[in-house]
Amino acid sequence: MKKTAASHLSEGNLKDALHTLNKCLALQQKLNGKESVEVADTFNMMGTIMANMGAEYNYRAMTAFEQALKIYQQQIGFGSEESAACLKNLYLLLHQQRVDIKSSEDEDEETASVACYECYTCTEATRNPCRNM
């Protein structure tokens with residue numbers, strides 16, 4: 001099923017990919033248990049897809065990432081690569097929400113935020129160096 005979801009994803013069919021992963025999740029929970037690493041992997045994939053579906057899916061994406069992170073930390077530990085990747089996904093989602101809010105506030109001033117190539121944090125449109133550089 002994950003291959004089918006990946007196929008939908010590569011074609012840009014995010015809703016179909018998400019629907020397929022929902023089916024996969026239900027099956028994995030029955031076969032492997034609700035707290036398995038495979039279930040966490042699926043939650044993480046679902047979160048990534050929903051994070052790319054627009055602002056109306058951000059809360060669902062955040063919830064999926066949090067669920068995946070909880071399972072990863074319980075099953076394989078806080079310092080695992082999976083936990084780190086999931087935390088990164090959650091950070092990127094929250095950071096994007098912050099950028100979207102800032103951009104909407106700045107539209108009146110005709111400024112927008114841009115991503116800093118080096119660390120992916122935001123700087124003003126004047127392209128001043130990021131504080132983290």
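If you go through segment 54-86 and keep only what is touching a Leu at 6+ places or on another chain (Cβ under 8 Å) and loosely packed, with under 15 Cβ neighbours inside 10 Å, you end up with just E66.
Taking first residues from segment 91-110 that are closer than 17 Å to F65 by Cβ and partners that are of a type in the set (G, A, S) and at pLDDT 70 or above, the Cβ contacts under 6 Å between residues at least 6 apart in sequence or on separate chains come to L93/A51; L93/A61.
If I ask for residues that are surrounded by 14 or more Cβ atoms within 10 Å (Cβ to Cβ) and either free of Cβ contacts under 8 Å to residues at least 40 places away in the same chain or out of contact with any helix residue (DSSP H, G or I) (no Cβ under 8 Å at 6 or more places or on another chain) (or both), which ones from segment 28-51 would you list? Full working, then the answer.
Here is the first cut: in segment 28-51, the ones surrounded by 14 or more Cβ atoms within 10 Å (Cβ to Cβ) are 28-29, 36-51.
Listed by number, the residues that qualify are Q28, Q29, S36, E38, V39, F43, M46, M50.
State yes or no: is L18 closer than 16 Å to N89 by Cβ and in contact with an Asp or Glu (Cβ under 9 Å, 6 or more places away or on another chain)? No: the conditions fail for L18. Where helices (runs of 4 or more DSSP H) sit wholly within segment 1-52, those with at least 1 residues that are at pLDDT 95 or above and more than 17 Å from E66 (Cβ to Cβ) occupy 14-32, 37-51. Confirm whether E56 is of a type in the set (D, E) and closer than 19 Å to K15 by Cβ. So E56 passes the test.
The values are calculated or read from the model by the stated rules, or taken from the named source; none is laboratory data. No experiment lies behind these values; they were computed from the predicted model shown. In this analysis, Cβ positions are derived from the backbone assuming ideal geometry, glycine residues included, and neighbour counts consider all displayed protein chains.
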